[in-house]
Structure formats: structure tokens, C-alpha cells
Amino acid sequence: MSRHKQQTSGPIRGLAFLGAAVVLFAAIGVGWAHFGRHSVDATLLHSGSEVTVGLDAPAPQSLDIRTVAGKELDQALIGNVYETLVGRDQNNKLVPSIAKSWDVSKDGLNYTFTLNPDMRFANGDALDSTDVVYSLQQIINNNYVGAEELTGLQAVKNPNTSTVQINLSSPNPRLLRALSSRAGIVYDSTSKVNYAKQSGGSGPFTVHSFTPGNSIVFARNPLYWKQQAAASQMTMRYFDSEEKLNKAMQDGQIQLAVLKPSDSPKPFTNSKKYSVSKGLTTSKVTLALNNNTNSIFSDQRARAAVRYILDNEAITKAQPNAATVLNGPISPLEPGYDDLSVMFPHNLDEGKNDINYFGPTYIGDVTFLVPPEYATLGQQIVEQFKTTRFNLVMQEVDDGTLSQRIANGDYKMAITTMQGPDDLGAFANNKFGYQNSQAQQDYHNALASPNDIDYQQNLRNYAKTVSADAGSAWLYTASSMVVADNNVTGYPRNMTDEYLPLRDVRTR
């Protein structure tokens, strides 16, 4: 039986600053929706299959998705335990979730969300507009992870239980996408839960048990307001190496394995017992070029030479974690993607001609930083440059050293992975020492767009500007790889490194 929230009136606590924007939560005076009794068949709690998912990833030490950064909690909890105001599908497109629809004003300053009726949390509490307003207030007032994405928020109101209105001081074309991630999680405004160890969401699962650093066990939420989870229990087990994950799969300890990008699916590809699925991610494997003045790559001709010399098609075919060739800063699953393959097609002679622009003298060694997981890729790139006057000196470095040396400009080339909103604007924000006033203007125009159509077009302009100027050399979009027992169905393929909805997963 759903529990009802008490009717409230007066202002919600909270006058908070986000950047330079003042966020003021408006007064609320609504009548709360009432739910009838919901009968739950006791057998439902134990019916259905049980599936164990293995991940080659760091194991969470806490489940508090409000305060703990890192995509491991997004991957495990969003779409499973917690739901967001706006959803996204396996192609990273925005879809209804807690809000069944939304309208945006022409100036991009006013958003109106219409919520689904008869929603509830796993504890039986009604889920309505109060919880949405409360959740937005909490993330901003407490500066929870994701708060930085809610720029320009001026007021949030709920004129009734099924409507939420958000007013902005300036356009934020990323708002809807932000509300499909941590910033859009809706929490129970009346629940007192230990978020570090328990769950307080409205998703198809609840947290049955949690062993920090090892595993999370989900149980089907019998009060879920949409389609019930196919499995009655879902266990997520974490492994600290590819070898341990593979052994667990081969020994039957797990039925579904989520590989990290550097893992190889080869142990499973020739077995009839398993299905190997390769999907897309938004992770971009990039050959970063040092654009600072002490580097030869401060000159566009040198950067262009690299773009021509690289054979991206051959690289993508040879790397087991590569999904698609990439020729710009936006991947196929991201807003604003455009096929830029016409820019800098592989042409070794053209690349050598660009190098000759610098005269007959020896150019010098090119310090080339490579993380250990990309050692094979690094060697392939070195081979592709062997007949040119660029002498690549490859150095394997750990991720921390790589980040520090890139920040200090202590490199000429480096293999790095770019992902997320911050990395999207890297080439407008002097990353890798790159500066281009047109790229900065294009990106500014994108962020100031009043609607998604203009936003995506401005992002296309930005990507074309940066790619034409050879701001870096993009190699490929990393793939998400899943290995499953042949009797397991309903698992996702795309973006499994960051978003792993398990509602439909079950054994036959």
C-alpha cells in the first residue's frame, strides 16, 4: 500500500549559488495524489531467474550516488535502483522516464515536465512533483555530484502533483541530458535511508545486500510502477583483473561479463557456449598533440601531417576494443555528431609533404606517452610513422603520470581517452595547449543555444572547425563488450561502461 506525503505549503528551504546563478525554489502548495491499495503476489518475490553479472572494474566502497564520484555507481544504480526525471535509451537518445513528456519555451528559459501518474518508490511512498523539487534542491544545496550540470537554474515550482516547472536565467541546452543522469535522480523526500549501504529509489530493483569492494545484490522491486524486472535477483560482482573475470565466466560463477575497453573477448569468441556482443560507447580514443609553443605541433601543418599519416581504418580493424573510426571530437552516440571522414583521409605522401614544409633538417624525437592498456595500439602507431621524419619515442606511463605530464606539457604525443561533457569542450578550453578563436565561438554558440536543434548544429560547426584545424588526431570510438551465456537474454549492448540497465535481463 502506498504511503501518502503530507500536504505542505510555504517555501522549500534553499537559497543556493551555482556558479554565479542564484537558485531560488518557489513556494509549494499542492494537494497530493492518492493511491489505492496495490496487491502484491508473494510468489513474485521469489519467481523468475537469478543472474550474476561480472565486471572488470573498481568495486564501489559506498553506494551513496549523491556524494561518491566515478561512473561505477552510475553504471550500477541508474536505471536499476534509481530513476531520473528524463531517461535515455541504448542509443543515448532522450526518452520519457519519471516525466512522461516535457515542453520547452522558444527562448529556452522555461521547461514544463508532466509526470506519470501513480508512481511510487520501492518503500511504497508516492512519487510526485514534491520529490522532484526536493531532489533538485538537495543536489544544489549540498553540491552533490552532478550539480555543476544544472547551470542557470533560477526557480523550480510544482503547481500540482503531476507538473514541474523549471525556469532558467540563461539557456542551458544540456539541461534535459543532465536530468537523465545523476542530476536528474529523484529521491524520496520523506525517506530516511542510509544511502551508503541501502537504496531509496523507484527503480525495478532494490539493494538486497552490499559487500563493499566486492558485490551488490539487487532484488526485484515488487512495487515497481512500470514493467517488473525479469529476474528476481541480480548480483553484480567486481573483479580486479581481466584474468579473474574470464575464469569466473568459464567456471560458471557468472552468466554475464561486462568487459572494460582494454579487455579482449578472444577467450570466448570461438565457443558455442557464449555470445559476444560489441556495442558503441561515447569514449573516444584520441592521439593528443601538444599544441604549446615549445612543440612542433603548435604548427597546423605538423598536426595535419599526423592526421594524413595515420591509417585509422587499419588501427580500428586491428584493435579489439575499437568500434568505429573517428575523425573529430564527437562520437556517433553524442549530440552533434557528424561524419567527418572526408577530412584528412589516409595519405602517406601528403603527410610527408607537410613534414617537408619544415625543411631538410632533422625534426627531433617525438615523445609519445602511452598508457599500458594501449601498448599494442602505441606500437602500431609507431610502425605507421617509421617511414616518415617523425621519430616517435614511445614511453609507457600509468594514468596518473599521463594526466600530470599532459597538464605540464611534458610530451609531444599521447594516447588518451576523452569522454563526457567536460571533454566535449576541451578544444575550446585550451586543453593540450590548443587555441582557436573560431572553435571557442562555435562552442560558446552551442552552449547559448535555446533549443536542441540549434545546439546540435552549433556542435557540428565546432567539431568541423577543430577537425579541419587538426586540433588532435582522433583514432576511434571505443566499444562496449558484453559476453553472455547463450541462455541469457535482455542485456544491453551500448554504453555498458557507464549505463547498464538490467530490468530485462534473465535466463531462458
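Pairs 412/464; 197/273; 157/260; 71/412; 226/317; 157/431: which are spaced more than 32 Å apart, C-alpha to C-alpha? Present the calculation step by step, with values, prior to reporting the outcome.
Working: 412/464 23 Å; 197/273 36 Å; 157/260 41 Å; 71/412 29 Å; 226/317 41 Å; 157/431 38 Å.
Among 412/464; 197/273; 157/260; 71/412; 226/317; 157/431, the Cα-Cα distance tops 32 Å for 197/273; 157/260; 226/317; 157/431.
Suppose R0 equals 30 Å. What FRET efficiency, 1/(1 + (r/R0)^6) with r the Cβ-Cβ distance, do residue 271 and residue 396 give to the nearest 0.05? Each step should come with its number before you reach the end.
On the way: r = 32 Å, r/R0 = 1.06.
Between residue 271 and residue 396 the formula returns 0.40.
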Mind ranking 106, 93 by accessible surface for me, highest first, 1.4 Å probe?
106, 93
For segment 471-480, in residue order, the Karplus 3J(HN,Hα) values (coefficients 6.51, -1.76, 1.60; θ = phi - 60°; whole Hz; Gly and Pro = x) are x, 7, 10, 7, 9, 6, 8, 5, 8, 9
Taking amide H positions as placed in the peptide plane 1.01 Å from N, state which residues far from residue 54 in sequence (5 or more) or on other chains have amide H under 5 Å from it.
237, 255, 256, 257, 258
Angle, helix 399-408 long axis vs. longest principal axis of the chain, Cα atoms, 0 to 90°, nearest 10?
60
With a 1.4 Å probe and every protein chain left in place, tell me how much accessible area residue 208 has, in Å² to the nearest 10.
130
Taking the 0 to 90 degree range and rounding to the nearest ten, how far is the long axis of helix 452-468 tilted relative to the main principal axis of the chain, both from C-alpha atoms?
20
With all protein chains present and a 1.4 Å probe, how do 434, 134 order by accessible area, largest first?
134, 434
When the convex hull of the C-alpha atoms of segment 208-354 is computed, what volume per residue in Å³ does it have?
209
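Can you tell me the equivalent ellipsoid semi-axes for segment 150-223? Use √(5λ) from the Cα gyration tensor, largest first, whole Å.
On the way: eigenvalues 189, 49, 24 Å².
In descending order, the three semi-axes are 31, 16, 11 Å.
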Quick one: divide the alpha-carbon radius of gyration of the chain by 2.2 N^0.38 Å and tell me what you get.
1.05
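Take the Cα gyration tensor of segment 126-249, multiply each eigenvalue by 5, square-root it, and list the three semi-axes largest first, rounded to whole angstrom. It would help to have the intermediate numbers written out before the result.
Working: eigenvalues 208, 72, 35 Å².
Semi-axis lengths for segment 126-249 are 32, 19, 13 Å.
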Can you compute the modelled spin-label distance between residue 251 and residue 422, with each label point 7 Å from Cα toward Cβ, in nm?
3.8
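Let me have the relative contact order for the chain, percent, based on Cα pairs under 8 Å that are six or more residues apart.
20
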Inverting the mean 1/r over all pairs of different Cα atoms, compute the Kirkwood radius of segment 352-411 and quote it in Å.
12.7
Roughly what would the spin-label model give for residue 407 and residue 61, points 7 Å off Cα along C-beta, in nm?
2.0
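With a Förster radius of 45 Å, plug the Cβ-Cβ distance of residue 318 and residue 226 into 1/(1 + (r/R0)^6) and report the FRET value to the nearest 0.05. The partial results should precede the final answer.
Working: r = 43 Å, r/R0 = 0.95.
Efficiency, rounded to the nearest 0.05: 0.55.
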Magnitude of the charge dipole, the chain, Cβ model with Lys/Arg +1 and Asp/Glu -1, debye to 20:
980
Using all alpha carbons of segment 422-490, what is the percent of pairwise distances in each 5 Å bin, ordered from the shortest bin to the longest?
4, 15, 21, 18, 11, 8, 5, 6, 7, 4, 1
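How much mean residue ellipticity at 222 nm does the chain get from its helices, if each DSSP H run of length 4 or more adds -39500 (n - 2.57) and you divide by all residues, to the nearest 500 deg cm²/dmol? Each step should come with its number before you reach the end.
Numbers: 13 runs with 115 residues, N = 508.
For the chain, the value works out to -6500 deg cm²/dmol.
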May I have the convex hull volume per residue, in Å³, for the Cα set of segment 245-321?
126
Separation between the residue 389 and residue 352 pseudo-spin-labels, each 7 Å from Cα along Cα→Cβ, expressed in nm?
1.2
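In whole percent, and with a 1.4 Å probe on the protein chains, what portion of the accessible area of the chain is carbon and sulfur?
Values: 10050 of 21150 Å².
Result for the chain: 48 percent of the exposed heavy-atom area is carbon or sulfur.
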For residue 395, other-chain or 5+-apart residues with amide H closer than 5 Å (H placed, Pro excluded) are 368, 369, 370
Could you give the angle, 0 to 90 degrees to the nearest 10, between helix 129-141's Cα long axis and the longest principal axis of the Cα atoms of the chain?
50
Through the Karplus equation 6.51 cos²θ - 1.76 cosθ + 1.60, θ set to phi - 60°, convert the phi angles of segment 415-427 into ³J(HN,Hα) values in whole Hz; use x for Gly and Pro.
8, 9, 10, 10, 7, x, x, 5, 5, 4, x, 4, 7
If I take R0 = 35 Å and measure r between the Cβ atoms of residue 114 and residue 448 in this structure, what FRET efficiency does the formula 1/(1 + (r/R0)^6) give, to the nearest 0.05?
0.85
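The values are calculated or read from the model by the stated rules, or taken from the named source; none is laboratory data. Quick caveat: nothing in here was measured; it's all calculated off a predicted structure. FYI the Cβ positions are ideal-geometry reconstructions off the backbone, even for glycines, and counts take in every protein chain you see. For the accessible areas, the whole protein counts, side chains as well, though only heavy atoms, and no ligand, DNA or RNA atoms are used. Shrake-Rupley method; radii C 1.70, N 1.55, O 1.52, S 1.80 Å.
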